[in-house]
Number of protein chains: 2
Amino acid sequence: MSFQRVAIIGLGLLGGSTGLAVAEHLPGIATAGYDADPETRRRAGERGLVGTVCDSAADAVRDADLVIFCVPVGAMSAAAAEIAGALKPGAVVSDVGSSKESVAKALAEALPGAAIIPAHPVAGTENSGPDAGFASLFRNRWCIVTPPEGAEPEHVTAVSDFWTALGANVEVMTPQHHDLVLAVTSHLPHLIAYTIVGTASDLEGVTQSEVIKYSAGGFRDFTRIAASDPTMWRDVFLSNKDAVLEMLQRFTEDLTALQRAIRVGDGQQLFDHFTRTRAIRRSIIEQGQDDARPDFGRSDHNGG
Amino acid sequence: MSFQRVAIIGLGLLGGSTGLAVAEHLPGIATAGYDADPETRRRAGERGLVGTVCDSAADAVRDADLVIFCVPVGAMSAAAAEIAGALKPGAVVSDVGSSKESVAKALAEALPGAAIIPAHPVAGTENSGPDAGFASLFRNRWCIVTPPEGAEPEHVTAVSDFWTALGANVEVMTPQHHDLVLAVTSHLPHLIAYTIVGTASDLEGVTQSEVIKYSAGGFRDFTRIAASDPTMWRDVFLSNKDAVLEMLQRFTEDLTALQRAIRVGDGQQLFDHFTRTRAIRRSIIEQGQDDARPDFGRSDHNGG
């Protein structure tokens with residue numbers, strides 16, 4: 001099976017990029033979209049994020065054979081309920097949420113009997129909203145498809161092929177394993193970045209202007225991901241609570257060990273740890289998941 | 001006063017970049033250099049990092065009116081002792097170390113009576129060694145000069161003018177304040193990044209290849225600074241122990257508060273915190289300390 005009409009619910013960074021990527025890579029597919037915010041709908045129309053911007057979610061999905069929810073994880077349930085009566089029989093329902101077990105549950109409850117194949121393109125930038133999307137967002141990025149037990153293989157293949165066509169590399173895994181992997185590669189890093197940026201802005205001995213001025217010493221790398229959409233990330237942490245808390249526990253243990261090494265002056269332990277972490281960076285560069293140029297090729301006047 | 005002959009001790013990223021920047025911006029100044037590693041000296045000669053590569057530190061500094069130590073903070077004392085007998089009367093001694101109170105003390109003890117004006121150009125990349133340096137490293141970056149009490153104003157001005165000529169913006173502050181500011185803008189971020197990269201590589205439920213594969217979700221931003229030189233960073237943490245432990249304490253408190261908010265499901269607290277941290281990112285972009293393009297302008301095929 002392949003899709004002829006795709007509905008995109010939520011027209012922010014991910015929804016908008018999906019619409020633009022379909023127009024570029026799958027021009028034979030018609031797209032319709034909806035966003036709960038009227039101003040976002042207006043901008044989506046101006047930018048042409050989807051072929052047709054509809055005034056209700058039900059209108060957007062009426063003829064679709066693939067519906068993709070691109071709303072914060074905590075809003076999936078309500079968004080799915082809105083289309084329950086309008087979904088075409090046989091349509092496949094998917095999403096782009098950053099946690100998968102809770103989303104799978106929310107969609108299954110709101111749309112009993114529907115063919116639900118959740119997915120998560122591991123791609124994004126620190127920007128959000130209808131102006132943030134671009135067609136190449138998914139190129140050479142991974143998209144993780146997490147079918148529920150008993151899913152039709154044909155549906156899994158169709159959703160996988162869709163993301164492959166948009167430029168992504170697809171992997172299939174269980175929602176549980178996805179949530180564990182993403183807790184460490186994405187959720188924990190965001191939580192840590194949000195924390196340290198908050199810590200730095202609350203100091204009494206160092207002014208905020210000093211923090212900003214000398215941020216090239218390392219701090220600024222954290223501020224990029226700490227500028228990500230607050231609603232989306234609130235929902236991620238609440239919906240993937242167990243895995244995030246588990247990773248946080250391990251992180252805190254490791255940090256305490258390094259803290260102790262500093263306190264007692266154990267230079268060898270610090271050196272050994274810092275040497276080990278270099279190898280991981282090398283692998284990420286080799287596998288094309290980051291830019292090898294110093295500072296990711298930040299332009300000269302900003303580099304350093 | 002202005003300098004005619006500059007000696008650079010240590011020819012890695014910082015020393016090499018300093019030599020190249022002098023050649024570009026102050027071609028009237030002669031540079032000599034030394035590195036304890038023979039292979040680094042050989043590469044420095046091939047790349048022309050300094051005008052003359054010498055076979056001992058004493059030879060390099062003999063005619064210099066400015067000596068700059070570009071070695072790890074923990075190696076300053078021994079490096080200074082090596083040149084104690086060869087230093088020209090009236091020469092100014094400086095360095096590029098990332099912590100300043102301990103370096104000022106080490107240099108003063110090894111070189112009693114010398115004019116010591118420590119400095120710290122807040123610039124660097126994740127690469128190290130004699131192949132890592134480039135002439136524009138200091139352009140539009142801050143350089144913090146930390147004169148000891150009673151320093152000759154003429155010497156402070158001369159060191160400041162030197163860094164200004166290499167493209168940096170100079171600020172003067174006490175070593176104590178420097179160490180506090182850098183603990184939060186640089187040392188704590190590096191410690192956190194080293195920790196999380198270590199945590200991620202030690203999991204039993206998630207393979208290292210999965211961590212690398214899905215690193216674009218946020219993790220990869222941490223790996224860049226966790227690839228920095230292990231010796232340099234071991235020394236930074238040991239030499240700025242008090243300020244680093246103080247910042248770490250605050251960070252841990254803030255992280256515990258967010259952890260609790262996740263555990264009890266307090267979405268409002270998470271949302272409020274994540275909204276506040278966005279403003280800091282905006283200020284860093286506005287002040288030219290980072291690149292506003294999504295992902296810092298990582299090229300399309302690597303962006304995401």
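Observations
- Contact map, the range A:216-235: first residue at the interface with another protein chain (Cβ under 7 Å from one of its Cβ atoms) and part of a loop (DSSP other than H, G, I, E, B), second residue among the small types (Gly, Ala, Ser) and crowded, with 24+ Cβ neighbours inside 10 Å, Cβ cut-off under 6 Å, separation 6 or more or different chains; pairs are A:218/B:186; A:226/A:193.
The rows are residues; the columns are (1) out of contact with any His (no Cβ under 7 Å at 6 or more places or on another chain); (2) in contact (Cβ under 8 Å) with a residue 40 or more places away in the chain.
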position: B:119; (1), (2): yes, yes
position: B:125; (1), (2): yes, yes
position: B:132; (1), (2): yes, yes
position: B:135; (1), (2): yes, yes
position: B:139; (1), (2): no, no
position: B:147; (1), (2): yes, no
position: B:152; (1), (2): yes, no
position: B:155; (1), (2): yes, yes
position: B:158; (1), (2): yes, yes
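- Residue A:238 falls short on exactly one of the conditions (1) in contact with a Pro (Cβ under 7 Å, 6 or more places away or on another chain); (2) under 26 Å from residue A:10 (Cβ atoms), and that condition is (1).
- Residues satisfying the stated conditions in the range B:84-117, i.e. at positive phi and without any contact (Cβ under 8 Å) to a residue 12 or more places away in the chain: B:113
- Count of the range B:216-242 residues which are under 13 Å from the mean Cα position of the chain (by Cα) and over 30 Å from residue B:101 (Cβ atoms): 0
- In the range A:1-23, the residues that are among the hydroxyl-bearing types (Ser, Thr, Tyr) and crowded, with 21+ Cβ neighbours inside 10 Å: A:17, A:18
- Residues of the range A:195-215 satisfying the condition of being more than 7 Å from chain B (Cβ to nearest Cβ) and either under 20 Å from residue B:142 (Cα atoms) or within 30 Å of the chain's Cα centre (by Cα) (or both): A:202, A:207, A:208, A:209
- For the range A:172-179, the criterion of a residue being part of a helix (DSSP H, G or I), facing chain B (nearest Cβ under 7 Å) and over 14 Å from the mean Cα position of the chain (by Cα) is satisfied by no position.
- Within the option set B:126, B:109, being in contact with a helix residue (DSSP H, G or I) (Cβ under 8 Å, 6 or more places away or on another chain), of a type in the set (D, E, K, R) and assigned to a helix (DSSP H, G or I) holds for one residue only, B:109.
- Qualifying residue in the range B:93-102 (condition: modelled with pLDDT of 95 or more, surrounded by fewer than 20 Cβ atoms within 10 Å (Cβ to Cβ) and in a loop (DSSP other than H, G, I, E, B)): no
- The residue that is nearest to the other protein chains (Cβ to nearest Cβ), among those in the range B:126-154 that are farther than 17 Å from residue B:16 by Cβ and surrounded by fewer than 20 Cβ atoms within 10 Å (Cβ to Cβ), is B:140.
- Conditions (1) crowded, with 22+ Cβ neighbours inside 10 Å; (2) among the hydroxyl-bearing types (Ser, Thr, Tyr); (3) facing chain A (nearest Cβ under 9 Å); number of the one not met by residue B:239: (3)
- Residue in the range B:34-55 that is out of contact with any Lys or Arg (no Cβ under 7 Å at 6 or more places or on another chain) and either at pLDDT below 95 or under 29 Å from residue B:180 (Cα atoms) (or both) present: no
- Criterion applied to A:193, A:200, A:165 was being among the small types (Gly, Ala, Ser) and in contact (Cβ under 8 Å) with a residue 40 or more places away in the chain, and the one residue passing it is A:165.
- Tabulated pairs, the range B:242-255, first facing another protein chain (nearest Cβ under 7 Å), second in a helix (DSSP H, G or I) and aromatic (Phe, Trp, Tyr), C-beta under 6 angstrom, 6+ apart or interchain: B:244/B:237
- Residues (over 28 Å from residue A:177 (Cβ atoms) and either at the interface with another protein chain (Cβ under 7 Å from one of its Cβ atoms) or surrounded by fewer than 16 Cβ atoms within 10 Å (Cβ to Cβ) (or both)) located in the range A:257-268: A:258, A:259, A:260, A:262, A:263, A:264, A:265, A:267, A:268
The values are calculated or read from the model by the stated rules, or taken from the named source; none is laboratory data. Everything quoted here is computed from the prediction, not taken from an experiment. Ideal geometry is used to build each Cβ from the backbone, glycine not excepted, and the neighbour counts take in all protein chains shown.
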